[in-house]
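Comments concern the structure below.
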Amino acid sequence: MAWTINNGKLYFNTELYTGNASSSRNITGVGFQPDWTWIKSRNTADYDNMVTDVVRAAPKMLKTNSSAAEDASPGAGGIGSFDSDGFTIATGGINNTNMNNNGTTYVGWNWLAAGTAPSNTYAVKVVSDSGNKYRFDDFGTNAVTLEISEGGTFTFDQSDSSNNGHPLRFATQADGANSSQYTTGVTTNGTPGNAGAYTRITVAASAPTLFYYCTNHTGMGGQANTPVTNSFSNFAGTIKSNISPNTTSGFSIVKYTGTGANATVGHGLNSAPKMIIVKSLGAAESWFVYHADLTSATYTINLDTTGAQFSNASTWNSTAPSSSVFSIGTDAGTNGSSVNFIAYCFNDVQGYLKCGSYTGNGNADGPFVHTGFKPSFVLGKRTDGAGGWWILDSKRPGFNLTNEYLLANDAQAEASDGSFASDFLANGWKARATNGNFNASGGTYIYMAFSENPFTSSAGTPVTAR
């Protein structure tokens with residue numbers, strides 16, 4: 001079978017570099033502008049796993065090996081910007097540890113989410129709520145504040161009959177007061193309340209904060225923020241979320257604010273996520289992981305610890321994700337009241353992304369794990385007992401045995417002691433070690449893998465092993 005993603009490096013790529021302690025260090029060669037970057041030192045211990053994404057905006061950082069809240073102003077040494085072919089490490093001295101110490105070797109794993117030109121269509125209705133108000137996608141709150149990112153194209157579908165007599169337009173002040181209609185990048189079509197009617201905006205670079213409003217009536221609209229976050233508002237859940245989804249590659253970055261009550265959050269993918277990684281931004285809470293191959297949706301596992309899976313109904317509200325939302329319960333780690341959260345969501349994409357599980361055999365001739373593609377990155381964890389979150393990729397060392405590993409839950413340096421030795425093959429990977437964290441007899445393990453190439457390209461050409 002042939003797949004649609006022939007080159008996984010267009011959506012995920014690993015970049016290796018050596019620190020030089022220079023100011024504003026540009027790291028290039030990624031091949032696209034990343035939306036999520038994860039950096040770890042290789043030859044030096046005690047340097048954290050650092051993650052930055054475009055939805056939270058650079059240089060805000062989290063550490064996968066720590067429960068610490070987000071460092072919203074790391075200043076020098078964080079990722080200062082995401083660039084067209086990589087990223088820039090900000091000027092200053094702190095980069096002499098985590099990201100650009102002179103002589104220290106680093107790995108940077110990079111993912112593409114929505115990219116620099118996201119798009120979305122909102123179904124608009126007019127409802128009665130202390131006067132008429134605009135409502136998007138039948139969300140439970142009206143006249144909400146929108147997030148529509150610079151570079152994105154957003155269509156406001158006004159074909160519903162309730163829009164009759166209520167043209168939606170944009171201005172730089174609420175209700176267009178004391179300002180002319182904002183028309184940069186705006187096109188309209190048809191008559192509101194009739195089929196085919198819409199207002200569409202492509203948000204210009206450096207666009208001001210906007211307001212959507214009705215040209216005939218006051219009090220119907222709200223604010224439309226225009227950040228540079230490659231993202232937009234989503235109304236599929238009971239909580240409004242801000243998302244940067246890539247439905248082709250099965251990856252979405254989701255930011256939301258917790259309520260403390262059972263809720264759902266829209267993720268923007270076109271099928272149910274198989275793995276979700278959630279972190280509280282404002283509180284010192286562990287990283288919580290949903291994986292479809294844990295015992296059930298009542299179970300979770302932490303990314304920043306070595307612990308086994310455990311039952312906690314309040315993490316995911318004992319509910320598996322759907323094609324539009326994931327569920328959260330009352331646990332402070334996924335839904336603290338008025339606390340902001342980030343979620344990284346992944347669904348299987350044939351030939352590119354696989355979230356699965358395997359059972360160890362305790363033998364150096366270990367299990368073969370079929371993914372349907374040549375892996376470029378594998379993150380895995382034992383679930384029935386303690387063990388670290390190991391990371392293997394195709395560039396360390398770049399040939400079989402793939403033997404150099406790092407741990408997502410630990411700041412230790414890269415090791416190549418054979419504990420996680422594997423062969424990366426054309427259609428999966430094979431364990432070559434007996435370490436209990438990786439291949440204990442009868443041990444159960446989950447993983448998430450990304451491809452370098454599918455087993456067969458869209459032209460029907462088989463790929464080769466390493």
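The values are calculated or read from the model by the stated rules, or taken from the named source; none is laboratory data. None of the values given here were measured: they were computed from a predicted structure. Using ideal geometry, Cβ is built from the backbone for each residue, glycine included, and neighbour counts are taken over all protein chains shown.
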### Query
Would segment 272-281 turn up any residue that is of a type in the set (Ser, Thr, Tyr), closer than 30 Å to ASN142 by Cα and in contact with a strand residue (DSSP E or B) (Cβ under 9 Å, 6 or more places away or on another chain)?
yes
### Query
Across segment 204-226, what is the total count of residues that are part of a loop (DSSP other than H, G, I, E, B) and either without any contact (Cβ under 8 Å) to a residue 40 or more places away in the chain or crowded, with 18+ Cβ neighbours inside 10 Å (or both)?
6
### Message
Among the residues of segment 128-135, are any surrounded by 22 or more Cβ atoms within 10 Å (Cβ to Cβ) and within 25 Å of ALA205 (Cα to Cα)?
### Response
no
#### Entry: Condition check for GLY398: farther than 21 Å from THR444 by Cα and in the same structural domain as THR434 (by TED's automatic domain parsing)
yes
### Query
If only one of SER149, SER233, SER180, SER159 is at pLDDT below 95, polar (S, T, N, Q) and either in the same structural domain as ALA123 (by TED's automatic domain parsing) or surrounded by 15 or more Cβ atoms within 10 Å (Cβ to Cβ) (or both), which one is it?
SER180
### Query
Which of the residues that make up segment 256-276 are crowded, with 19+ Cβ neighbours inside 10 Å and not small (Gly, Ala, Ser)?
TYR256, THR264, VAL265, HIS267, LEU269, PRO273, LYS274, MET275, ILE276
### Query
Given the conditions (1) modelled with pLDDT under 95; (2) in a loop (DSSP other than H, G, I, E, B); (3) under 25 Å from the mean Cα position of the chain (by Cα), which single one is not true for GLY80?
(2)
### Query
So which strands (runs of 3 or more DSSP E) are wholly in segment 262-363 and hold at least 1 residues that are touching a helix residue (DSSP H, G or I) at 6+ places or on another chain (Cβ under 8 Å)?
263-266, 275-280, 288-291, 299-302, 325-328, 340-346
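Residue-by-condition table, conditions (1) more than 25 Å from THR444 (Cα to Cα); (2) buried (at least 21 other Cβ atoms within 10 Å of the Cβ); (3) of a type in the set (Val, Ile, Thr); (4) touching a residue at least 60 places away in the same chain (Cβ under 8 Å):
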site: VAL254; (1), (2), (3), (4): yes, yes, yes, yes
site: VAL278; (1), (2), (3), (4): no, yes, yes, yes
site: ALA283; (1), (2), (3), (4): yes, no, no, yes
site: TRP287; (1), (2), (3), (4): no, yes, no, yes
site: ILE301; (1), (2), (3), (4): no, yes, yes, yes
site: ASN312; (1), (2), (3), (4): no, no, no, no
site: SER324; (1), (2), (3), (4): yes, no, no, yes
site: THR330; (1), (2), (3), (4): yes, no, yes, yes
site: TYR344; (1), (2), (3), (4): no, yes, no, yes
### Message
Looking at segment 37-68 only, could you name the residues that are among the basic types (Lys, Arg) and either in a loop (DSSP other than H, G, I, E, B) or closer than 17 Å to ILE342 by Cβ (or both)?
### Response
ARG42, ARG56, LYS60, LYS63
